[in-house]
Every structure is written in C-alpha cells, then in structure tokens.
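Notes follow the structure.
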Amino acid sequence: MDCIFCKIAQGEIPSATLYEDEDFRVILDVNPASKGHALILPKAHASNLYELPDEAASKALVLAKKMASKMADALDCEGLNLVQNNGELAGQTVFHFHMHLIPRYKDDDVKMGWKPGKLTEETKEELLSILR
Ligand code: 5GP
Ligand code: ZN
C-alpha cells in the first residue's frame with residue numbers, strides 16, 4: 001500500500017520525530033497551524049478512527065496526554081487543541097489515522113470552530129432513538 005504516513009511512521013521516510021515507541025511515532029507537521037503542531041501516527045496502518053483497533057485507540061489517547069503535557073510545559077502556549085479528522089468532508093487529507101496536537105497562542109492564526117445551533121426537542125428525541 002502506498003501510504004505516506006506508513007512510510008514516515010515506520011522510518012522509511014525521515015521526519016522530525018519528537019517521540020517514538022514500538023507502536024507510535026510523533027512528528028512535527030510539515031505545514032504547521034501553529035508553532036509546535038505535531039502529529040501522532042500509529043505504526044500499524046488504520047485509515048481512520050473507525051478502523052483503529054481498540055488497543056491502539058487507548059494507547060493513542062494516553063500518548064496524546066503525555067505529549068500535550070510536555071508541550072504545555074516546554075512551549076509558551078496558552079492552550080492546545082487535540083484534533084482528529086475522519087473523511088474528506090471532515091478535513092482528512094491523509095488516510096492513515098492520526099491525531100493533531102495544536103498548541104495555541106494568544107493572537108495565533110488558527111481557525112477552528114462552528115456556529116452553535118440549537119438542539120430541538122424533536123431532533124433530540126430522534127437522535128436518542130438512533131444513537132443510544
Ligand atoms: P489531515 O488533514 O489528514 O487531518 O492532516 C494531515 C496533516 O498531515 C496536515 O496537517 C499536513 O500538513 C500533514 N502532512 C501531510 N504530509 C506530510 C508529510 O509528508 N510530513 C509531515 N510531517 N506532515 C505531513
Ligand atoms: Zn498508512
């Protein structure tokens with residue numbers, strides 16, 4: 001399979017690696033949203049969150065916590081977003097599961113957000129019946 005993040009995660013393509021263990025590699029994003037923007041890549045290919053095995057999912061969040069704490073200490077950031085996109089419509093451009101760690105600074109140029117809607121009774125009941 002021709003997957004760039006497989007090659008990076010497995011060290012076949014060099015990357016600015018912040019952390020590596022037998023399951024993951026954490027690298028600096030080549031087009032950072034902010035200073036320190038990093039990506040957590042599992043070494044075993046999964047295209048997205050739906051495909052990610054439970055064990056890798058658990059380890060990924062523990063690693064995200066560890067990296068986020070380190071970044072919060074080491075960088076002069078005032079916040080941090082953990083972002084994970086699934087599907088083109090949701091902004092996924094590389095189809096190998098990854099999590100973004102995006103440090104946030106006062107007056108940075110990171111745009112992330114949505115216009116808050118209003119949960120109606122009807123939609124709430126519909127969603128509870130479908131998703132619960
Ligand atoms: P997505 O849009 O799929 O959630 O995020 C993909 C991210 O991977 C983007 O932020 C993009 O800048 C980053 N990226 C794409 N190709 C490479 C690469 O070859 N090396 C590195 N370090 N980052 C990459
Ligand atoms: Zn891959």
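Summary of computed values
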quantity	calculated
Residue within the range 13-28 that is in a helix (DSSP H, G or I) and either of a type in the set (S, T, N, Q) or at pLDDT 95 or above (or both) present	no
The range 92-130, subset free of Cβ contacts under 8 Å to residues at least 12 places away in the same chain and surrounded by 10 or more Cβ atoms within 10 Å (Cβ to Cβ), residue farthest from D2 (Cα to Cα)	E125
Subset of the range 29-69 (residues that are surrounded by fewer than 16 Cβ atoms within 10 Å (Cβ to Cβ) and not in a loop (DSSP other than H, G, I, E, B))	L49, Y50, E51, D54, E55, A57, S58, L61, V62, K65, K66, S69
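The values are calculated or read from the model by the stated rules, or taken from the named source; none is laboratory data. In this text, all values refer to a predicted model and were calculated from it rather than measured experimentally. Glycine gets a Cβ as well: all are built from the backbone with ideal geometry, and neighbour counts include every protein chain shown.
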